[in-house]
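Computed from the coordinates by the stated procedures, all read-outs in this text should not be read as laboratory data. Being a predicted model, the structure only gives us computed values, none of them experimental. In this analysis, Cβ positions are derived from the backbone assuming ideal geometry, glycine residues included, and neighbour counts consider all displayed protein chains.
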Amino acid sequence: MFSAFSSIDYQSIRASTPAETAVKRLSGIGEVLSSLDISAIHTSSDMARALWTLDTADKCIRMILSEFRTERTKDVVRQAESLIDLIEAARDEVSSYRGDSRVLS
């Protein structure tokens, strides 16, 4: 997981505009999130790790958006909002496992 973040930073250095940098960072966060397998959650530790990943990604996305207070571009906002929506849906799904007998042995 950490290697994905280090490659994001390298790609960001080569970006020509702040908006391009933000889009590349958001794409990297999306790649990390796409590797999250909710069906592999079997213990409370798995759930905690998944929720931590989702919360961290959400904070990173919101931080990227905060850099665009005056200069938000449609691409940055659209991609960030899409990722935030997916994070909320995944968080709801993970949280629903608490009452499910499939998880948390």
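For Asp85, the shell of other residues with beta-carbons less than 12 Å away shows a net charge of -2, using +1 for Lys and Arg and -1 for Asp and Glu. Peptide packing for 35-47, 55-67 was compared via the average number of neighbouring C-beta atoms within 10 Å per residue; ordered from the highest value, the list is 55-67, 35-47.
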